[in-house]
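Colleague: Take a look at the following structure, please.
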Amino acid sequence: MQKLRIIEMDSLPRGLDLRRFIDSMLCSQFMLCHDLLLRRTFLATDDHAVPERLTGSVPGISFHDVDASSFPLSSPSYLVGYAEPHDDRDGAPLPLLDSMYRILSRARCRVIVSFAPAAKGHVERVTRQVEAMASRRSIRLTRNTGNRSGISSASDSLQMELFYDSDEKRMLLSLLETLNEASMRNGAAYRISVIIDGEAKEAAREYIASNLFLFEEKEMGAHSLDEAYAFAAGADALPFSHANSASFLSFSDAIARHDAISTQYRATDGEIEVGEYLSGSLTGSGEAVRLSARVFNLGTIISGLPGTGKTATAMGLVAQLAAKTEAKVLIVSPTGEWNALGRGLGARVIRLYESQERINFFRCDSGISIERFYENLAMLLASASDAGPYRNSMEKSLLSAFRKVYASTTAPDPAEAYAEIEEAVIEQHGKRSGAGVTYTKHGENVMAGLQSLRLMLLKPQFAYRDGASFSDLLRHGVVFDLSMVSNNMKRFFYALILNQAYSFTDALDELGNERLRVLLCIEEAQLMLGSDNESAATLDLEQRIQDFRKRGVGLMLIAHNVTDISVGIRRLCQIKAYFRQSADVARYACNDLVFSEEDAGAVVERLKSLPQGTCALSYMTVENGMRVPHGSVFVRLGMRTIEQQAAQRDDMPQPGPAVPAHPVTASKPTRITVLDNEGRPRRSARIGLVYAGEQVFSGATDQEGRIEVAGLMAERTYKLLVFGAKKRETVRFKVTGGTESTVGTDVITKPTI
């Protein structure tokens with residue numbers, strides 16, 4: 001006997017065909033092990049091909065292997081019994097022990113039902129014995145029935161055996177029927193016995209006795225499942241036909257039940273492997289789902305709850321597309337999950353707030369329309385801000401400022417750009433006076449919405465005019481890791497990055513229909529779109545998706561729920577991989593997929609309970625040079641690690657340069673000396689430093705009128721405020737970070753700036 005293979009049942013089809021289950025065994029010996037305490041059902045067999053045969057013939061069965069050592073036996077009892085099987089209206093056998101898990105709920109007991117093949121000779125011998133027992137207790141009655149002519153004949157004689165004296169006689173007749181059925185099928189039958197073990201063994205015995213007529217009871221000396229299996233293989237138990245053997249099958253009600261959904265996948269020679277096609281939506285077919293790289297410029301949406309496998313799937317697709325096409329890869333992620341893959345692809349990995357790479361997000365690279373660049377920038381910044389209903393006012397102010405800034409340069413100083421923005425807000429929604437600036441309600445909300453921009457400019461990576469060219473970054477591929485950025489700021493950086501990406505793709509010609517040039521992969525896409533499905537950023541993207549195909553741009557959006565992405569965008573994206581969805585949005589996900597109307601309810605239920613690594617896929621193929629849509633299918637993904645994916649490709653690009661091309665200038669202490677109007681050191685003078693509208697330092701001078709400030713950005717100009725006794729006596733100067741400065745403070749004179 002081979003070593004036992006034990007599997008635990010993870011899922012079953014709703015309305016399981018018990019007869020098909022038995023037929024799939026091909027008369028192999030097996031045991032169904034019921035752990036009533038844990039409410040789990042296991043199958044043990046020495047035929048290691050049984051589990052795969054089950055998944056091939058009974059759609060919806062899934063399982064995983066477990067260790068045989070987890071089934072010790074203490075003092076098992078061996079029972080042999082019989083009960084008259086019953087069928088439902090369709091003739092399917094009804095399980096005899098169907099209520100076991102409910103009646104013996106949480107009992108510390110195991111019930112093991114053994115199915116051992118019965119030889120033809122054994123079936124014939126038991127049949128003769130049962131016939132002899134029945135004939136000794138039967139009453140033979142002969143009845144002659146005449147025809148209409150009144151003339152009787154021998155053929156009209158009806159003989160029947162009546163068993164009305166006791167239940168035993170009826171049981172013998174039923175047993176004889178199942179033995180005759182087995183004989184008619186060339187002796188195909190199972191010897192069935194029951195083994196019970198555990199603290200609640202007596203309760204289990206009473207349950208078995210109430211459902212079966214017990215012929216035999218005895219204690220066993222087995223101490224393991226292997227020993228019990230070997231004992232059952234040689235025990236002289238009652239044989240049952242396949243149909244009646246099926247009535248001894250039962251499974252825990254805690255096992256997930258699924259409806260089979262009709263799907264069909266036509267194999268293609270696409271170079272991008274997605275996963276394994278599930279026949280009937282449930283059973284692994286061994287057939288790989290492959291898509292052409294050409295279809296990925298039609299837009300891709302990957303959606304699913306956390307931990308369902310959507311990021312791993314996206315990584316697998318991006319890795320294959322990068323290796324098998326000329327596509328430049330841009331990945332934006334709120335976490336560091338993509339960093340390893342990015343380095344493996346030879347892409348630059350930029351961890352915002354931590355990287356020493358200078359990036360001027362206001363820089364417009366050559367070959368890009370300046371007007372379109374700053375118009376998109378204004379729209380995206382306003383959409384990403386917290387200005388709420390005042391977004392239009394903010395966008396108008398931004399456009400006014402950018403029109404002046406970009407009139408003379410394509411790479412403005414970020415601080416100067418912000419100064420122009422502030423001036424535009426004052427001009428449109430404020431008023432200057434001797435005491436400062438007074439804003440209208442619109443102006444106050446616009447200035448509050450600019451907080452994200454001010455905070456960004458305080459970071460050395462984003463404060464300089466020069467920096468990495470976005471076109472150069474995309475030439476190598478780039479991963480933007482936003483894991484160090486606060487949640488409130490992530491939407492803002494999504495807007496800045498996407499503006500650069502949009503500008504790069506706008507500069508491409510419209511000859512990219514047959515190839516993939518650029519792949520934009522956006523994790524947590526709701527951060528770029530916001531909660532307003534009618535926002536300017538959402539409407540703009542809907543228009544861009546229609547244009548991306550011609551330019552050879554692939555867009556891959558990843559989100560937790562499908563409703564995080566607007567209906568318009570979902571309709572335009574033609575590749576969808578939907579993993580498990582939350583209960584309140586599953587029906588919206590179903591509406592996006594291509595299933596028959598009669599299966600819609602089952603699809604919704606399935607989307608609520610899909611296991612990790614399984615998704616519903618709506619896809620396109622390329623046939624005879626044409627893109628062809630197909631019905632949706634269910635796919636089980638190969639959950640390979642990123643390292644495994646990388647190791648399997650010989651054409652993986654080498655990692656990009658480790659040292660930033662435009663490093664941030666090292667910061668030195670800034671020393672400031674404050675003198676009074678007579679040139680003497682001004683002791684304990686209160687000062688403040690302002691950069692991009694934000695006060696970044698406050699303090700007081702020492703006895704010699706000096707103060708040293710650390711952390712200021714080198715070569716950046718700061719506004720120095722020396723406060724007087726009254727607000728109007730405050731004087732202003734300019735100082736440069738990382739240098740030594742001396743300023744005078746004649747409070748009678750007007751401010752120097």
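Laboratory data are not the source of any read-out in this text; all were calculated from the coordinates shown. Keep in mind it's a predicted model, so treat the numbers as computed, not measured. Please note: Cβ atoms are built from the backbone with ideal geometry, for glycine as well, and neighbour counts cover all protein chains shown.
Colleague: Could you tell me what fraction of 2.2 N^0.38 Å the Cα radius of gyration of the chain comes to, as a two-decimal ratio? Numbers along the way, then the final one.
Modeller: Values: Rg = 38.7 Å, N = 753, 2.2 N^0.38 = 27.3 Å.
Here the answer is 1.42, to two decimals.
Colleague: Using θ = phi - 60° and the Karplus form 6.51 cos²θ - 1.76 cosθ + 1.60, what ³J(HN,Hα) does each residue of the range 386-395 get, whole Hz, x for Gly and Pro?
Modeller: Going residue by residue, I get 9, 7, x, x, 9, 5, 5, 5, 5, 4 Hz, with x marking Gly and Pro.
Colleague: Does anything in the range 75-108 have its amide N under 16 Å from the 7 Å Cα→Cβ label point of Glu219, and if so which residues?
Modeller: Answer for this model: 75-79.
Colleague: Tell me the relative contact order for the range 205-357 as a rounded percent, counting alpha carbon contacts under 8 Å between residues six or more apart. Walk me through the intermediate numbers first.
Modeller: Values: 94 pairs, mean separation 18.3, N = 153.
Computed value for the range 205-357: 12 percent relative contact order.
Colleague: Now for a separate question. Would you please give the residues with an amide H less than 5 Å from that of His258, counting only those at least 5 places away or on a separate chain, with H modeled from the backbone geometry?
Modeller: Answer set, sorted by chain and number: Leu12, Arg14.
Colleague: If contacts are Cα pairs under 8 angstrom and at least 6 residues apart, what is the relative contact order of the chain in percent? Mind dumping the intermediate values first?
Modeller: Numbers: 1555 pairs, mean separation 101.4, N = 753.
That works out to 13 percent.
Colleague: Further, regarding this structure: Let's test the formula: R0 of 30 Å, r as the Cβ-Cβ distance of Thr673 and Thr440. What FRET efficiency results, to the nearest 0.05? Write out the running numbers ahead of the final one.
Modeller: Values: r = 41 Å, r/R0 = 1.36.
Plugging the Cβ-Cβ distance into 1/(1 + (r/R0)^6) gives 0.15.
Colleague: Then there is this: Under the rule of at least 5 residues apart or a separate chain, name every residue whose amide H is placed under 5 Å from the amide H of Glu740.
Modeller: Distant-sequence amide H within range of Glu740: Arg671.
Colleague: Which order results if Arg266, Arg110, Arg372 are arranged by neighbouring Cβ count within 10 Å, fewest first?
Modeller: Numbers: Arg266 11, Arg110 25, Arg372 14.
Neighbour counts put them in this order, fewest first: Arg266, Arg372, Arg110.
Colleague: Please tell me the relative contact order of the range 670-744 in percent, rounded to the nearest whole number, where contacts are Cα pairs under 8 Å and at least six residues apart.
Modeller: 38 percent
Colleague: Net charge within 13 Å of Asp65 by Cβ-Cβ distance, Lys/Arg positive one each and Asp/Glu negative one each, not counting Asp65 itself? Could the numbers behind the result be given before it?
Modeller: Numbers: positive: Lys3, Arg5; negative: Glu8, Asp10, Glu52, Asp67.
With Lys, Arg at +1 and Asp, Glu at -1, the neighbours total -2.
Colleague: Just grab the label-to-label distance for Leu26 and Met133, each label 7 Å out from Cα along the Cβ direction, in nm (one decimal).
Modeller: 3.4 nm
Colleague: Report, in deg cm²/dmol and to the nearest 500, the calculated mean residue ellipticity at 222 nm for the chain, where each DSSP H run with n ≥ 4 adds -39500 (n - 2.57) and the sum is divided by the residue count.
Modeller: Numbers: 23 runs with 239 residues, N = 753.
Result for the chain, helices only: -9500 deg cm²/dmol.
Colleague: Counting other C-beta atoms within 10 Å, which of Lys726, Lys490 has the fewest, and how do the rest follow? Before the final figure, lay out the partial values.
Modeller: Numbers: Lys726 8, Lys490 20.
If I rank by nearby Cβ atoms, fewest first, I get Lys726, Lys490.
Colleague: Just rank His34, His442, fewest to most, by other beta-carbon atoms within 10 angstrom. Kindly include the intermediate steps, with their values, before the conclusion.
Modeller: Numbers: His34 23, His442 20.
In order of increasing Cβ crowding within 10 Å: His442, His34.
Colleague: Once you sort the root eigenvalues of the Cα gyration tensor of the range 670-744 as a ≥ b ≥ c, which label holds: rounded (a/c under 1.5), prolate (a/b larger than b/c) or oblate (the other case)?
Modeller: Values: a/c = 1.82, a/b = 1.28, b/c = 1.42.
Oblate shape, in that a/c is at least 1.5 and b/c is the bigger or equal ratio.
Colleague: Note down the net charge around Glu8, summing +1 for each Lys or Arg and -1 for each Asp or Glu among other residues with Cβ under 11 Å from its Cβ. Intermediate results must be reported in sequence, preceding the final value.
Modeller: Working: positive: Arg40; negative: Asp10, Asp35, Asp65, Asp67.
Charge balance in the 11 Å sphere: -3.
Colleague: GluC sites (Glu not before Pro) within the range 175-208: which are DSSP loop residues with at most 14 other Cβ atoms inside 10 Å? Present the calculation step by step, with values, prior to reporting the outcome.
Modeller: Values: sites: Glu177, Glu181, Glu199, Glu202, Glu206; in loops: Glu199.
Answer in residue order: Glu199.
Colleague: Quick one: which of 273-285, 494-506 comes out on top by average Cβ neighbours within 10 Å, and what's the full order, highest first? Provide the component values of the computation, followed by the final result.
Modeller: Working: 273-285: 21.1, 494-506: 22.8.
With the highest mean Cβ count within 10 Å placed first, the list reads 494-506, 273-285.
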